[in-house]
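The values are calculated or read from the model by the stated rules, or taken from the named source; none is laboratory data. Since the structure is predicted, the reported quantities are computational estimates derived from the model, not experimental observations. FYI the Cβ positions are ideal-geometry reconstructions off the backbone, even for glycines, and counts take in every protein chain you see. All accessible areas refer to the heavy atoms of the entire protein, side chains included, with ligands and DNA or RNA removed. Shrake-Rupley method; radii C 1.70, N 1.55, O 1.52, S 1.80 Å.
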Amino acid sequence: MIEKQSPALATKILANRREAQALINTLAKPILPHLINGEECQSSDGRTFDNFSPYDGALLNTTALGGKRDIKAASSAASAAFKGWREWPAGERQDVLHALADRLEANAEAIALLETADTGQPLRFTTKTAVRGAENFRYFADLCNQATDGRSYSSPTHLNYTMRDPIGPIGAITPWNMPFMLATWKIAPALASGCTVVHKPAEWSPLSAALLGKIALEAGLPAGVLNVVHGVGEEAGLALTQDPNIKAIAFVGGTTTGAHIMAQAAPSLKRVHFELGGKSPVIVFSDADLDRAVDAVTFMIFSLNGQRCNAGSRLLVEHSIHDQFVERLVQRAKSIQVGNPFSPATEIGPLIHARQLTKVSEYCERAKAAGATVQCGGIPKNNPELSTQGHWFMPMIITGVTSGMEISREEVFGPLLVVTPFKDEAEALSLANDSRYGLSTYLWTENVGRAHRLARSFQAGMVWVNTEIARNLATPFGGMKDSGIGRDGGDWSFDFYMETRNVCVAIGNHHVPKIGKA
Ligand code: NAD
């Protein structure tokens with residue numbers, strides 16, 4: 001185990017783990033509760049589920065397992081609270097969301113430790129989680145005053161103007177890969193709009209959502225404005241998508257789940273917003289700044305273990321630089337520090353769950369059977385540095401991949417990069433767009449004309465030129481094709497969480513058509 005390497009590091013890691021477990025025990029006391037109408041409570045039928053460490057399989061805590069009745073209780077609370085919350089003056093809503101952000105920052109260490117314990121993501125990433133979550137709340141808090149604003153359109157005879165109202169209680173359903181940040185990314189704009197929320201976090205990572213609910217209450221959010229119900233997707237998630245009190249579903253997760261949710265929510269005609277899967281291409285031309293491209297490609301597939309929707313998981317590299325570029329990437333991948341996520345030195349922790357490890361390694365086996373070549377990575381054998389029960393998968397690079405292969409077409413959601421060479425710009429574009437997904441496309445070239453030319457032809461909601469993902473919260477975030485429906489960020493978020501009303505007023509005595517008058 002990595003703890004054995006240095007006594008000082010071992011002491012630090014142990015202290016972090018102990019602190020994380022102490023926080024979990026305080027939060028879970030002894031069963032992690034739902035938060036419904038401002039009260040922590042257990043499931044109405046008393047059911048629970050266990051939550052295990054991705055690092056060594058130890059039991060972290062037991063969590064309340066919510067069902068239809070718990071969802072109903074939460075949606076009723078959200079519905080009752082909506083009447084008051086929507087009337088709050090925008091300035092006061094802004095203040096309480098800033099107070100919430102203050103508390104997230106004050107609790108940054110606790111949030112990082114919980115997130116690391118729950119997901120296996122290294123502390124070097126989770127320490128930024130609370131700050132990023134707070135940014136989401138502050139950004140939308142500052143827009144509270146404009147949320148209801150509309151546009152105006154005038155003609156010689158009429159003035160039209162629009163206004164927006166919050167749509168009502170929202171169901172937010174989030175995944176396990178960046179649970180805290182993604183929850184705040186949905187909840188912050190919903191609350192700023194004047195909506196109330198029932199949040200169903202992922203069953204593999206319930207901890208930080210429970211803390212977020214608690215912190216929101218302490219910050220002064222009224223009871224029922226944010227409710228949290230834990231449970232599995234097929235039961236609590238299903239009930240939320242069908243609940244008549246819920247007016248819209250903000251969902252982040254897999255594409256297949258999105259399709260299920262759309263069908264489930266159809267009978268009650270709910271509005272849906274989907275941030276789904278991806279198989280994002282990274283295109284590297286020979287004229288690119290290759291040093292920077294190596295950094296960015298490595299970061300965008302291996303950080304967070306590739307368990308990120310925007311992972312640049314499909315490298316398309318110009319034929320003339322293929323071999324040297326792959327060699328550099330392999331060197332880097334082999335140097336990544338894989339280990340205990342509680343160590344400040346660790347860059348990649350274990351995958352979240354045994355099922356995820358099986359899924360990733362089965363993709364790799366099928367790719368090999370289809371003729372692709374593994375250059376590095378995979379399940380480590382007899383590595384004394386790593387805990388025996390952890391879900392370890394070393395950063396993998398696979399070459400000889402053609403665009404028809406399963407490994408090039410499906411989202412693996414793990415630290416696995418596939419490489420395909422291209423000969424010219426036309427082929428690069430065609431390969432990039434040859435996917436059911438359309439979330440992000442990354443492009444590396446120093447040719448400005450080519451950059452703009454390709455950017456307008458990529459079938460992707462987000463195009464990143466000579467950069468890794470760099471979020472500006474005012475810009476639209478979301479995907480085309482099977483990667484999603486709708487955009488988040490800036491005013492795009494308000495469009496989803498609010499209804500738009502148009503008012504048309506005659507400003508003179510225009511001609512009114514007459515019928516039935518001889
Ligand atoms: P998932 O779809 O399995 O689960 C996501 C959430 O949906 C969980 O809370 C789960 O309990 C719930 N759920 C499952 N079935 C449901 C149902 N029938 N009804 C209602 N809720 C249900 O996804 P995951 O494995 O937790 O996360 C990984 C996926 O999320 C990847 O595909 C990834 O690309 C995607 N993701 C997308 C974005 C984005 O912004 N586009 C961001 C992060 C993750």
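Among beta bridges identified by DSSP and lying wholly in the chain, the antiparallel ones come to about 45 percent.
Taking 0.36 nm per residue of separation and subtracting the current Cα-Cα distance, fully stretching the chain between Glu427 and Ser335 would add 29.9 nm.
Each label point was placed 7 Å from the Cα along the Cα-to-Cβ direction; for Phe299 and Asp491 their separation is 3.1 nm.
Find which of Ala20, Gln375, Tyr139 sits farthest along the positive direction of the dipole of the chain, computed with +1 on the beta-carbon of Lys and Arg, -1 on that of Asp and Glu, about the Cα centre. Ranked along the dipole, the leading option is Tyr139. Label Ala369 and His260 with points 7 Å out from Cα along Cα→Cβ: what is the distance between them in nm? Going from the Ala369 label point to the His260 one covers 2.5 nm. Among the listed pairs Lys334/Lys381; Lys186/Lys247; Lys12/Lys334, which are separated by more than 18 Å between their Cα atoms? Pairs exceeding 18 Å: Lys12/Lys334. Of the solvent-accessible surface of segment 281-465, computed with a 1.4 Å probe over protein heavy atoms with every protein chain present, carbon and sulfur atoms account for 48 percent.
Mean residue ellipticity, 222 nm, helices only, the chain: the sum of -39500 (n - 2.57) across DSSP H runs of n ≥ 4, divided by residue count and rounded to 500, is -12000 deg cm²/dmol. Only beta bridges with both residues in segment 172-304 are counted; by DSSP, about 0 percent of them are antiparallel.
Rolling a 1.4 Å probe over the protein heavy atoms gives segment 281-465 an accessible area of 39 Å² per residue. One Cα centroid belongs to segment 202-271, the other to segment 42-120; the line between them spans 10 Å. For Glu427, the solvent-accessible surface with a 1.4 Å probe is about 60 Å², rounded to the nearest 10.
The slack in the chain from Glu234 to Arg355, taken as 0.36 nm per residue of separation less the alpha-carbon distance, amounts to 41.9 nm.
Below 8 Å between Cα atoms, with a sequence gap of 6+, how large is the relative contact order for segment 281-465 in percent? For segment 281-465, the relative contact order is 28 percent. When only Cα pairs below 8 angstrom with a gap of at least 6 residues are kept, the chain shows a relative contact order of 18 percent. In this structure, Val131 and Lys29 have a Cβ-Cβ separation that, at R0 = 25 Å, corresponds to a calculated FRET efficiency of about 0.40. In this structure, Phe52 and Val465 have a Cβ-Cβ separation that, at R0 = 35 Å, corresponds to a calculated FRET efficiency of about 0.25.
Extending 7 Å from the Cα toward the beta-carbon at both Ser457 and Glu327 defines two label points whose distance is 3.1 nm. The length gained on full extension between Glu446 and Asp142, counted as 0.36 nm times the residue separation minus their Cα-Cα distance, comes to 105.7 nm. The alpha carbon centroids of segment 145-159 and segment 417-465 are separated by 39 Å.
Dimensions of the chain from C-alpha coordinates, computed as largest minus smallest value along each principal axis and given longest first, are 88, 59, 37 Å. Bridge orientation summary for segment 281-465: considering DSSP beta bridges with both residues in this region, about 15 percent are antiparallel.
Placing a label point 7 Å from the Cα of Glu362 along the Cα-to-Cβ line, the residues of segment 295-331 whose backbone N sits under 19 Å from it are 307.
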